[in-house]
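Comments concern the structure below.
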């Protein structure tokens, strides 16, 4: 019995997210189907991050247990020969039997891309925002998210907010870096944290864009993080979000 870890890159635009769903096209389901053809046994992948529909990954990690004696290189090459072109296995290796790609992760890094204008070439992986954005205001507001806070106000599903206790809502954000290129036309937002709540990154990005537009203020963020009444925050589109890396 062996535990195999995969490093996976994928374009998530045409998938209903990472996690397996019956009768729906998901990244996990697509890879598991290919693995079962190669290994001739049932396989369940454990993914580091359960990305939403439309979200992509530069480096998603997933492990699985197998009784097969095929080499990891044979498994990797076999997968890349069977998988569609929007999923690629960048690396494969054997790890300790107790290793768990999800629960052993120390932190995850997501990147969100914004085009301040239009770009037919880049719009598949970026949010096109037609309104002028004040980058300095966005950077100042981003500092408020760093640290350990209850991020339930930035969790998209109300039922999950109500069900989650105080402990479940606590997330430790290590950094929020905003960079701009091409005279502020291309904006990237990188967020690293120990974990993320459902659609949390997209709500943070939506909030920062509204701050950049002058529609929200830093005080709105302070109220939300303090658990006080606040205006609802915009949820940024999924297509601009990419899982950049997972740290172990």
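The values are calculated or read from the model by the stated rules, or taken from the named source; none is laboratory data. What you see is a predicted model, and the numbers here were worked out from it, not measured in a lab. Glycine gets a Cβ as well: all are built from the backbone with ideal geometry, and neighbour counts include every protein chain shown.
Does residue 117 count as part of a loop (DSSP other than H, G, I, E, B), under 30 Å from residue 215 (Cα atoms) and more than 18 Å from the chain's Cα centre (by Cα)? Break it down stepwise before answering.
Numbers: part of a loop (DSSP other than H, G, I, E, B): yes; under 30 Å from residue 215 (Cα atoms): yes; more than 18 Å from the chain's Cα centre (by Cα): yes.
Yes; evaluated as a whole, the condition is true for this residue.
Residue pairs, Cβ under 6 Å, 6 or more apart or interchain, first in the range 76-91 and in contact (Cβ under 8 Å) with a residue 12 or more places away in the chain, second part of a helix (DSSP H, G or I). List them.
Qualifying pairs under 6 Å: 78/38; 79/34; 82/34; 83/34; 89/76; 89/79; 89/80.
For the range 176-191, check the following and say yes or no: at least one residue is over 19 Å from residue 126 (Cα atoms), at pLDDT below 95, buried (at least 17 other Cβ atoms within 10 Å of the Cβ) and not assigned by TED's automatic domain parsing to the domain that holds residue 13. Break it down stepwise before answering.
Going through the range 176-191, the residues over 19 Å from residue 126 (Cα atoms) turn out to be none.
Within the range 176-191, not a single residue is over 19 Å from residue 126 (Cα atoms), at pLDDT below 95, buried (at least 17 other Cβ atoms within 10 Å of the Cβ) and not assigned by TED's automatic domain parsing to the domain that holds residue 13.
Could you pull out the residue among 75, 87, 135 that is farther than 18 Å from residue 20 by Cα, outside the structural domain of residue 204 (by TED's automatic domain parsing) and touching a helix residue (DSSP H, G or I) at 6+ places or on another chain (Cβ under 8 Å)?
Numbers: 87 fails: farther than 18 Å from residue 20 by Cα; 135 fails: outside the structural domain of residue 204 (by TED's automatic domain parsing).
Step by step, each of 75, 87, 135 is checked, and only 75 is farther than 18 Å from residue 20 by Cα, outside the structural domain of residue 204 (by TED's automatic domain parsing) and touching a helix residue (DSSP H, G or I) at 6+ places or on another chain (Cβ under 8 Å).
Checking the condition surrounded by 18 or more Cβ atoms within 10 Å (Cβ to Cβ), in contact with a helix residue (DSSP H, G or I) (Cβ under 9 Å, 6 or more places away or on another chain) and modelled with pLDDT under 90, which residue from 224, 164 passes? Spell out how you get there, then give the answer.
Details: 224 fails: modelled with pLDDT under 90.
Of the residues listed, the single one that is surrounded by 18 or more Cβ atoms within 10 Å (Cβ to Cβ), in contact with a helix residue (DSSP H, G or I) (Cβ under 9 Å, 6 or more places away or on another chain) and modelled with pLDDT under 90 is 164.
Which residues, counting only those in the range 194-237, are part of a loop (DSSP other than H, G, I, E, B) and closer than 21 Å to residue 110 by Cβ? Outline the logic, then answer.
Taking the range 194-237 as the starting set, the residues that turn out to be part of a loop (DSSP other than H, G, I, E, B) are 194-199, 214-217, 226-237.
Listed by number, the residues that qualify are 194, 195, 196, 197, 198, 199, 216, 233, 234, 235, 236, 237.
Before we move on, is residue 21 farther than 21 Å from residue 244 by Cα and surrounded by fewer than 17 Cβ atoms within 10 Å (Cβ to Cβ)?
Working: farther than 21 Å from residue 244 by Cα: yes; surrounded by fewer than 17 Cβ atoms within 10 Å (Cβ to Cβ): yes.
Taking the combined requirement at face value, the residue satisfies it.
Of all residues in the range 128-161, which are at pLDDT 90 or above, in a loop (DSSP other than H, G, I, E, B) and surrounded by 18 or more Cβ atoms within 10 Å (Cβ to Cβ)?
Once the filter is applied, which keeps residues that are at pLDDT 90 or above, in a loop (DSSP other than H, G, I, E, B) and surrounded by 18 or more Cβ atoms within 10 Å (Cβ to Cβ), the range 128-161 yields 129, 133, 151.
Collect the residues in the range 192-219 that are more than 21 Å from residue 118 (Cα to Cα), out of contact with any strand residue (DSSP E or B) (no Cβ under 9 Å at 6 or more places or on another chain) and surrounded by 20 or more Cβ atoms within 10 Å (Cβ to Cβ), keeping them in residue-number order.
199, 203, 216
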